[in-house]
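The structure appears right after this line, and notes come after that.
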Amino acid sequence: MNVLVTGGAGLIGMALRERLKAAGHCVTAVDVTDFGRGDTELKIVALTDRVALETLIELDNIDAIIHCGAISGPMMAKGQPLLLVDVNINGTAVLLDLARVHNMARFVFCSSISVYGDVGPATITEDTPLRPTSVYGATKVACEQLIQGFASEYGLEGVSLRIGRVYGPYRRANCYLGSIIRDAAAGRTTEIPCEPDFVYHYLHVDDAADALIAALVAKTLPAREYNVGSGEALTMPQIAAIAKAGIAGASIALVPGADDVPDVQTAFDISKIGRDLGWQPKLRLDAGLKSYRAAIEAGKAAN
């Protein structure tokens, strides 16, 4: 396929581009910046710039979109809700309409577990009510509903993947896992504020990219939304123990405090994407941390 990847300079986008190319797809990647990497294969285009996007789509004969571009989390663009709405919702609407006009085969959207909000001690399935606790989460819900609307009204083959906390080499936002690796190399202690019983759902970026590709190439889409996670629900003390066991020199101090995204989400059911699209996570946290460390050491990571 000729695939347009938005957010091509971001955490998921960078991994996705490599894996798409390895699978034989032709990739056109766009983002608003290359973060100073000198990325000659990246096109600098805003999500809301319809004219520039349509020019690329026509030039490269794009027949599918994987939409990873967005203001990427509830901790980003704090105090700027209208910016979140413009980039996340309006940008997605532009892309959906371009997919409609150009009769594309598939539209795959990076949604988030933030759509569920603070669920508490329940297993979260795709049928769990959506009650986002942030404007970011609300934008993801709105985008999912736009995809539903375009699918019903225009027959656009769209799907939303509700992805957990993604970690990996090109993550730029705050990430405790990246801090542990870098601090270990520098001989520093990583201080992490946490509630000992708070549960995290970390997913390695390669698994996230593979899930997106599974949704891209699936012959049919039995559902419009899928949970995507590692299958591991871990507290920070458990994460710290895994990191200390696998990363030489890791020193971690857990101190009282709350996470930046304090929604209580105890367990996720990821069986539907396995049944429907044949995707399963491959990297448990111990293996994912080793892969992350190797990328940092090789200079293939964000600064």
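Computed from the coordinates by the stated procedures, all read-outs in this text should not be read as laboratory data. What you see is a predicted model, and the numbers here were worked out from it, not measured in a lab. Note that each Cβ is placed from the backbone with ideal geometry, even for glycine, and that neighbours are counted across all protein chains shown.
Worth a mention:
- When the alpha carbon gyration tensor of region 128-192 is reduced to an equivalent ellipsoid, the three semi-axes, largest first, read 37, 14, 8 Å.
- Each Lys or Arg adds one and each Asp or Glu takes one away; over the other residues whose Cβ falls under 9 Å from the Cβ of Ala223, this sums to -1.
- Per-bin percent of Cα-Cα distances, region 3-83 [10 Å]: 18, 50, 27, 6, 0
- Ranked by the mean number of other Cβ atoms within 10 Å of their residues, highest first, the peptides 254-262, 216-224 come out as 216-224, 254-262.
- Charging the Cβ of each Asp and Glu at -1 and of each Lys and Arg at +1, and nothing else, the dipole of the chain about its Cα centre rounds to 580 debye.
- Amide hydrogen proximity for Ser112: with H placed 1.01 Å from N in the peptide plane, the residues at 5 or more positions away or on another chain lying under 5 Å are Ile163.
- Helix 176-186 axis versus longest C-alpha principal axis of the chain: approximately 60°, rounded to the nearest ten.
- Charge tally in the Cβ shell below 14 Å around Tyr116, where Lys, Arg are +1 and Asp, Glu are -1, Tyr116 excluded: -3
- Summing Lys and Arg as +1 and Asp and Glu as -1 over all other residues whose Cβ lies under 13 Å from the Cβ of Met75 gives a net charge of +1.
- Computed over region 180-303, the percent of Cα pairs more than 16 Å apart is 68.
- Straight-line reach from Lys282: taking Cα to Cα under 25 Å and skipping same-chain neighbours fewer than 8 places apart, the lysines in range are Lys21, Lys219, Lys244, Lys272, Lys290, Lys300.
- The trypsin sites (Lys or Arg not before Pro) found in region 46-149 that occupy coil by DSSP, while having at most 15 further C-beta atoms within 10 Å, are Lys78.
- Spherically averaged projected area of the convex hull of Cα atoms, region 236-303: 6.9 nm².
- Per-residue 3J(HN,Hα) values for region 63-68, derived from phi via the Karplus relation 6.51 cos²θ - 1.76 cosθ + 1.60 with θ = phi - 60°, read 10, 7, 10, 10, 9, 9 Hz in sequence order (x marks Gly and Pro).
- Karplus 3J(HN,Hα) series, Hz, for region 284-290 with 6.51 cos²θ - 1.76 cosθ + 1.60 (x for Gly, Pro): 6, 4, 4, 6, x, 5, 5
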